[in-house]
Amino acid sequence: MPLVPLTMLLVERIVIVGPESVTPISIITYVFIAIWGLRLAYHIASRYGGPDARYVELMKFDAGCPEPLKAISIWIKIFVFQASLSILSIDTAIKIFYFSDP
């Protein structure tokens, strides 16, 4: 969850530099990321009733592949893609936190 690195940066900034160094834009960014993360967690928890239909479709699509290639293909499509999107979204927020001056 993106709140962990942002919380670490916020606490670090408050402890090392002081609470006056926290800018309004960093607080707004933190609140928006928190709302997005909590909404996503609620969405995932509320609809859990077995495997997601999208992942089942991916597995059907790769059903003809040999087993090692199928596992690698599913791993790349699901985890590497999601990790890449997560890195892109959190990178901007971390830069806002790190480089914002009061």
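The values are calculated or read from the model by the stated rules, or taken from the named source; none is laboratory data. Just so it is clear, the structure is predicted and the values come from calculations on it, not from any experiment. Neighbour counts run over all protein chains shown; Cβ positions are idealised from the backbone, glycine included.
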Subset of segment 49-102 [polar (S, T, N, Q) and either within 27 Å of P19 (Cα to Cα) or in contact (Cβ under 8 Å) with a residue 12 or more places away in the chain (or both)]: S86, S89, T92, S100
Candidate set from segment 8-22 (those that are touching a residue at least 12 places away in the same chain (Cβ under 8 Å) and of a type outside the set (S, T, Y)); member that is farthest from A93 (Cα to Cα): E20
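Please find, among I87, I35, the residue that is modelled with pLDDT of 85 or more and among the aliphatic types (A, V, I, L, M).
It is I35.
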